[in-house]
Structure formats: C-alpha cells, structure tokens
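Trainee: The structure's right below; bear with me while I get my questions together.
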Amino acid sequence: MIGVYDFNGHYEWTFAWLEAEGGPPLLREYWDVAIHQDSQSHAAELIRQKGFAGMQEYWGHTLNQEGGTHATTATESVFRIDMHDCPSKGFLMRNQLQQHRDYCDHCIGWIGPLLRRAGFVIDHQHNHCGQCWWEMRRATDAAPPSRPGEVTGARDVRLRPDWKPKGAALDTYSRANDPASKHSQQE
C-alpha cells in the first residue's frame, strides 16, 4: 500500500499519461468516471440528498482529514471553500513532481460533473500555488461570485498577499461544471 504523499505523485503522473495517450477528453472522462462516479460516489449521493448541508458534511470531514489549511463557509445560498495550503499540490511543488500541465484541474474534473447532476454550478479560481477558492450555488441562482472578504471575511484566500504571485496565471471558472470551461489571466 502506498502512502498519501506517494499517491499524489502517482495520481499526478497518471493525469499526464492519460492526457498524452487520449487527449483532454480521456482525462476528463477519467476524472468523471473513476473519481466522481466511483471513488467519490458517496459524496455524490450525500450532496444530491442534502444539498449545501451535504457539501458541509462531506468537505467538512474530508478537508480536515486531508490536512492543509482551509476554511469552509455555508450560507443559505452558497457553499464556499477557501484553500490556503493544499496538501497535495503543496507536496507536488515541494518535491518537484509536476508532470501534468495543471494538477488542480482534477478537482473541478470530478466535482463539476457531480454538482451539475445535483443541480449546482461552481465559481472557482486557483493560482497554481496550492491556493484556491470555490463557491457552489444552485444552477437557478444567477448571483455572481462574492467580492473578496464578502462571504468569509479575513478567511478569504483572495485577501492573502501571496494570492496573485507575480507572473502566475489565475485559472477562473464561472458558473462552470466542466474543466474545459476555464479561462486564465496572467498577473
């Protein structure tokens, strides 16, 4: 059995290999089928049944178990995650294990289809440095993403001085459920 840190390196390598073998469609299919529909089917069921409360139950437990530094916030209209220090991306960066062009895309790769089927959309950004934020809303809610600090106060990752490193690209998803729907902006 491999440990969680070894797993991250193999996982990331697998993403690069799948994309090299079958292109982005094969990789997206892997994220949807192998992660969303198989290994995380319990999350899908919990969120379909309980909505925001299911998100809080799932990510409240899972993110605490994985480590790192994060904050979750639930309101009646949004569930928000602020990841200040992603343990898996941090491990990859510390150990120079960067085979795939964007390891962070795997999260929306499985969470996006799961939430689409449950009736939710995602606003999300990641900075490729182990930091990201997520806002999940009902697909019928046309509200824009919150302004920095609006929902989570000082816990908002966008308020960190290192959120926008010089020369780094921020990948942004707006009302998305598909990893192909991102746009990047250079800082």
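The values are calculated or read from the model by the stated rules, or taken from the named source; none is laboratory data. All values derive from a computational prediction rather than experimental measurement. Cβ: placed from backbone, ideal geometry, glycine included. Neighbour counts: every protein chain shown.
Trainee: Between Pro179, Pro144, which is touching an Asp or Glu at 6+ places or on another chain (Cβ under 9 Å), free of Cβ contacts under 8 Å to residues at least 24 places away in the same chain and on the phi < 0 side of the Ramachandran plot?
Mentor: Exactly one of Pro179, Pro144 is touching an Asp or Glu at 6+ places or on another chain (Cβ under 9 Å), free of Cβ contacts under 8 Å to residues at least 24 places away in the same chain and on the phi < 0 side of the Ramachandran plot, namely Pro144.
Trainee: A follow-up question, please. Within the stretch 128-159, can you find the residues that are loosely packed, with under 14 Cβ neighbours inside 10 Å and basic (Lys, Arg)?
Mentor: Within the stretch 128-159, Arg147 is the sole residue that qualifies.
Trainee: Determine which member of the set Tyr58, Tyr30 is part of a helix (DSSP H, G or I) and within 20 Å of Ala139 (Cβ to Cβ).
Mentor: Details: Tyr30 fails: within 20 Å of Ala139 (Cβ to Cβ).
Residue meeting the stated conditions: Tyr58.
Trainee: Go through the stretch 146-187 and give me each residue that's at pLDDT below 90 and part of a strand (DSSP E or B).
Mentor: Those that are at pLDDT below 90 and part of a strand (DSSP E or B): Ala169, His183, Ser184, Gln185, Gln186.
Trainee: Among all residue pairs at least 6 apart or on different chains, which show Cβ distances below 6 Å where the first residue, located in the stretch 148-172, is at positive phi and the second is buried (at least 16 other Cβ atoms within 10 Å of the Cβ)?
Mentor: If the second residue must be buried (at least 16 other Cβ atoms within 10 Å of the Cβ), the pairs left are Gly149/Asp156.
Trainee: Something else: Out of all the residues in the stretch 154-167, which are out of contact with any helix residue (DSSP H, G or I) (no Cβ under 9 Å at 6 or more places or on another chain) and within 28 Å of Leu114 (Cβ to Cβ)?
Mentor: Matches in the stretch 154-167: Arg155, Asp156, Val157, Arg158, Arg160.
Trainee: Let me ask something else. Of the conditions (1) in contact with a helix residue (DSSP H, G or I) (Cβ under 8 Å, 6 or more places away or on another chain); (2) surrounded by fewer than 15 Cβ atoms within 10 Å (Cβ to Cβ), Ala118 fails just one. Which one is it?
Mentor: Every condition holds for Ala118 apart from (2).
Trainee: Moving on to the next point. Can you say whether Thr14 is closer than 27 Å to Asn95 by Cα, β-branched (Val, Ile, Thr) and exposed (fewer than 14 other Cβ atoms within 10 Å of the Cβ), as far as the supplied structure shows?
Mentor: No, not satisfied.
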